[in-house]
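Asks: Please read through the structure below; I'll follow up with questions.
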Amino acid sequence: MVRRDEKVEFIKNCFKGLYDFKVYKELMKASKLKVFLYVVILSAVLGGILSVPFYNNSRSSVNVVENNMDKIPEFTVKNNNLQLKNEGPVVINDSGMVLIFDDSTDNNSDYAKAENAIFWGKSCLKKKLNGKELGSAKYADSKGITLNKQYVIDEAKSYKFMPIRFIIQNIAISYMLIFMAALLVMTFSMRAKNPMQFGEIFKISSFTVTVPIILFTCLKAFGIGNMPIISWILVIIQVLYVRKAIKEVNGEDSLKPEYKIKKTNKK
């Protein structure tokens, strides 16, 4: 019962650290295993939540491919143009999704009328969902990728593992933020009066990653912003949290630079 109460208190303190930096003194007593599990579980839960809308949106795409593998035409992409083995176009309608292959045009009429569709056109791949265009991808930009019938099948199968991909991605992003923030703070405080060790800063950074990873998950879910720019914004937020937490844990001296005054002998 005591251990369960300790776990509940630990989790409370982790989230309390979002606004109350005094709890970091208590959190620093946690074992390395507990810190590791906190980061992994938090990232995994948020990654799982993030994958739900993406998985739901891709489910009809998976179904139309898996239910009609024999109807999908053999094709190749040569000189950045689609080439069907037999005469087209080929239109497959299943599970509320229309799958179209047409090597004669990039403006197929069946695609224009459909609410949900994947269209392999003459020079590009297009997709729409609930009547909304999700953009197009030029075959010319798919260098190093073999585009054919097997690619379509493999791509649909990969969507089933989307939750795992999002979970792994979130864990990787969390540790990138933790490491970057710890490294930057360590660099800034190397000349401090009482500098903290990298391991201690890394530990604090592991707890303060809560806000950046929640923010990253929300932005990713709504498809907001340029991710390279956002990544640096998240690192800055993480650094600010780490520095504030260090001030509470170890005092101002752990961040304040030490200025040495050289004495000179007067003649």
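The values are calculated or read from the model by the stated rules, or taken from the named source; none is laboratory data. None of these values were measured; they are calculated from a predicted model. Note that we place each Cβ from the backbone using ideal geometry, even for glycine, and neighbour counts take in every protein chain shown. Protein only, heavy atoms only, side chains kept; ligands, DNA and RNA dropped before computing areas. Shrake-Rupley method; radii C 1.70, N 1.55, O 1.52, S 1.80 Å.
Asks: What is the dipole size for the chain, taken about its Cα centre, with +1 at each Lys and Arg Cβ and -1 at each Asp and Glu Cβ, in debye to the nearest 20?
Replies: So the magnitude is around 2020 debye.
Asks: At a 1.4 Å probe, what is the % contribution of carbon and sulfur to the accessible area of the chain?
Replies: 57
Asks: Something else about it: Restricting to Cα pairs below 8 Å that are 6+ residues apart, what does the relative contact order work out to for the chain? Please round to a whole percent.
Replies: 21
Asks: Considering the dipole of the stretch 59-108 built from charges on the beta carbon (Lys and Arg +1, Asp and Glu -1) around the Cα centre, which of 105, 61, 92 is farthest to its positive end?
Replies: 61
Asks: Still on this model: What's the longest bit of the chain with no exposed chymotrypsin sites (Phe, Trp or Tyr not before Pro), using DSSP loop states and at most 14 other Cβ atoms within 10 Å as the test?
Replies: 20-221
Asks: Counting alpha carbon pairs within less than 8 Å and at least 6 residues apart, what relative contact order, in whole percent, applies to the stretch 75-147?
Replies: This gives 25 percent for the stretch 75-147.
Asks: Pick from 78, 157, 247: which is most flexible by mean-square fluctuation in a GNM of the chain where alpha carbon atoms under 10 Å apart are linked?
Replies: So, out of 78, 157, 247, the one fluctuating most is 78.
Asks: Still on this structure, please answer the following. Normalise the Debye intensity by I(0) for the stretch 75-147, one equal point scatterer per Cα, no solvent, then take log10 at q = 0.13, 0.24, 0.26 Å⁻¹ and round to two decimals.
Replies: Rounded to two decimals, the profile gives -0.35, -1.08, -1.20.
Asks: Right, here's the next one. Looking at 161, 13, 140, which one has the Cα that reaches farthest to the positive end of the dipole of the chain (charges on Cβ: Lys, Arg +1; Asp, Glu -1)?
Replies: About the Cα centre, the residue reaching furthest to the positive side is 13.
Asks: Still on this structure, please answer the following. Can you list the DSSP H helices in the chain whose Cα atoms extend at least 30 Å along the helix axis and whose mean Kyte-Doolittle hydropathy is 0.5 or higher?
Replies: 32-66, 162-188, 227-250
Asks: Hey, can you find the accessible area per residue of the stretch 11-97 for me, probe 1.4 Å, expressed in square angstrom?
Replies: Each residue of the stretch 11-97 exposes 59 Å² on average to a 1.4 Å probe.
Asks: Would you work out the relative contact order for the stretch 1-146, in percent, from Cα pairs under 8 angstrom that are 6 or more residues apart?
Replies: Reported as a whole number, the value is 13 percent.
Asks: A further question follows. Do you know the Lys pair count in the stretch 109-200 for C-alpha distances under 15 Å, with sequence separation 8 or more or different chains?
Replies: Lysine pairs meeting the criterion: 8.
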